[in-house]
Amino acid sequence: MKALSFVSWVLVLCAAAIASSRSEIRKPDAQKADAQQASVQRAFARLKILAGNWKGQATMGPAGTAPVRVSFRVTSGGDALMHEMVPDGRSDDPTRGDDDAITMLYIDGDRLILTHYCDSGKNRPRMVGRLSPDGGTVEFDFLDVSGGTKYGHMHRAVFTVIDADHHTEDWTYMTPADQPDQAHIDLVRAK
């Protein structure tokens, strides 16, 4: 009887050791996932401070510069951020149906996603964002596109927060010939 008790005791210790080693093996992966989720949350929080109205100049390669207005609106109970850019002077009448792009930013699992509802070609490119090490910039790189690329598509976006009343946006549009076209927008908070 003592031998059976000893064998049972050894089996319990072995099972505990295996369970402990498995949790130790999973621990780095869980820590990595937690760190990724925290980074995504910080990046999204950084973008949410841009909520409000902005005005500035868009520099668009050979096309020159143009005055623009940008608005950021926190929506869906704080789970999404809507970005809209329109030419300065455009009416705020929502019934006009102008072809202005809308961009939605949101967290999807362990990724920060940007979906750009493009006014060029009626497509919807998605990009994945990451926060810069200094916490001042959120960069989005191309993930995929829905709706085709016959007329080109947005391929990259970078938001840099300078201070509470100043930020920049850099957008990369891929032409139908698969050539990048850059736009730099320098914005100040509208008073």
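Each reported figure results from applying straightforward, stated rules to the coordinates on display, with no laboratory input. Values in this document were obtained by computation on a predicted structure and should not be read as measured data. Reconstructed Cβ throughout: ideal geometry from the backbone, glycine too, with neighbour counts over all protein chains shown.
Each of ASP178 and VAL128 was given a label point 7 Å from its Cα along the Cα-to-Cβ line. The distance between the two points is 2.1 nm.
The count of lysine pairs in segment 47-191 with alpha-carbon distances below 29 Å, taking only pairs 8 or more places apart or on different chains, stands at 5.
Near ARG126: Cβ cut-off under 14 Å, other residues only, Lys/Arg at +1 and Asp/Glu at -1. The net charge is 0.
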